Every structure is written in C-alpha cells, then in structure tokens.
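Read the structure below first, then the notes.
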Amino acid sequence: MEKVCSCAEEVPELFEHLFAGDVQALAQQRLRIAELENEADGIKNELRNNLPRKLFMSVDRRDLLEILDLQDSIADIAEDIADLLVSRTWQLSTELQEALRVFVRRAVDTALAARDVVRNVDKLAQGGLRRADTEVLFSHIDSVLRLEEESDVLQAEACRILFAEEERLNPVSVVLLYELLGWVGDLADYPKKVCNRLRLLVAP
C-alpha cells in the first residue's frame, strides 16, 4: 500500500506539468510513475508467492489476494493516467484545468487516507483487534468513504465543464477527456474498495 500510494502521489505533479505545457517534464514524470508501478508489481508478486497455500491462516488467502489486487489497481491506474497524458497534445481551458487540479488532489487524498487505514490494520493485528480499536478503524474507513464521495462530486463537476465545452473540442478529445476523468475517479474508487474489504475482514 505504501508503494502504490507513492505512485498516486506523483499524479498531481503530472497534471501540473501538463497544464504548464512542459512536455519534457511530463515525460520524465511518466517514467517516474512507471518505475514506481514496476516496484509495486514486484512487491505484489513477492506477496503472492509467499502467502501460505496449505496452512491455516486467521483470514482466507483469497481475501488477502483480492485486497492485494485492489491495492495494485491504484498503481496501475496512476500509470494508465500518465500514459494517456503523454500520448497526445491536450487543449484544456483554464476552468477545466482548475476542476481537474482539485479533482485529482481529492482522489489522491482518498488513496492516502486508505493508506493510513492499512497502517492502522497492521497496528491492530499486532495488538489483537480489540473492539474499541476496531471502532476507531471503522471511523477511519468512514473518512475514506467520505473523501471518495467528495471525489465523485468533483468528477461530476469536471464532467459538467467538459460537456459545456464539447462544441469547441473534436469528438476524440471529448471521449479521451471523459475517459481520463473516469480514471482519476478510479484513483479514489479503488482505495474505497480496499477499505470496504478490510472492514469485512476485521468486522466482529
């Protein structure tokens, strides 16, 4: 989770380079995200290979693998966004840039809040998952869900701006921008899914 969030943390700077029209810096930032995503894949594969297959564990192996895949998706989406941004020249109005800036930041905040939840799960596991502690954890999870809801609102606002401007854009640009907004939304959606799965695992 630490590594996939390091990928997500690089995304706002990616957009700043885009807005500034700095093609070289944008390409370098894309390489940085690709390196971090590759490192995340290495950790994911190591975890998969070392999870016990036959011994009993306190949680189902399949549940852990599902959470691992959801976490990995955060890094994958960050790389997908980077690849899309460097693939073409973008023409973004000042209003759409500002909407994207706020939206991206909130999506990344959601991922970082989910990282804090995972950190707390680690502490809880070491301490024995007492009821009072799990209630605190659930409160943190609820905070992640609220951030994801705020991200949804910001996504809807960015879409509104995009559709208001679609007449000046070519159809391909509209489609790709809409897809881009969806991927930014996924940066918040996958952390929410991670937290929901963790809630099920530790629920009394």
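Some points to look at:
- Check on Ala25, small (Gly, Ala, Ser) and under 18 Å from Val184 (Cα atoms): no
- Restricting Ala114, Ala82, Ala125 to residues that are more than 13 Å from Leu198 (Cα to Cα), of a type in the set (Gly, Ala, Ser) and either modelled with pLDDT of 95 or more or surrounded by fewer than 21 Cβ atoms within 10 Å (Cβ to Cβ) (or both) narrows the list to Ala82.
- Of all residues making up the range 1-15, the number that are farther than 23 Å from Gly42 by Cα, surrounded by fewer than 19 Cβ atoms within 10 Å (Cβ to Cβ) and in contact (Cβ under 8 Å) with a residue 40 or more places away in the chain: 1
- Selection status of Arg62, part of a helix (DSSP H, G or I), basic (Lys, Arg), under 27 Å from Ala203 (Cβ atoms) and out of contact with any strand residue (DSSP E or B) (no Cβ under 7 Å at 6 or more places or on another chain): yes
- For beta carbons closer than 8 Å, sequence separation of 6+ or different chains, a first residue in the range 175-191 that is touching a residue at least 40 places away in the same chain (Cβ under 8 Å) and surrounded by fewer than 24 Cβ atoms within 10 Å (Cβ to Cβ) and a second that is outside any helix (DSSP H, G or I) and among the β-branched types (Val, Ile, Thr), there are no qualifying pairs.
- Whichever residue in the range 85-111 is free of Cβ contacts under 8 Å to residues at least 12 places away in the same chain and not in a helix (DSSP H, G or I) and, among such residues, is surrounded by the most Cβ atoms within 10 Å (Cβ to Cβ): Ser87
- Among the residues here, Asn49 qualifies as in a helix (DSSP H, G or I), of a type in the set (S, T, N, Q) and at pLDDT below 90.
The values are calculated or read from the model by the stated rules, or taken from the named source; none is laboratory data. Note that the structure is predicted; figures quoted are calculated from it, not measured. Here the Cβ is made from the backbone with ideal geometry for all residues, glycine too, and neighbour counts use every protein chain on show.
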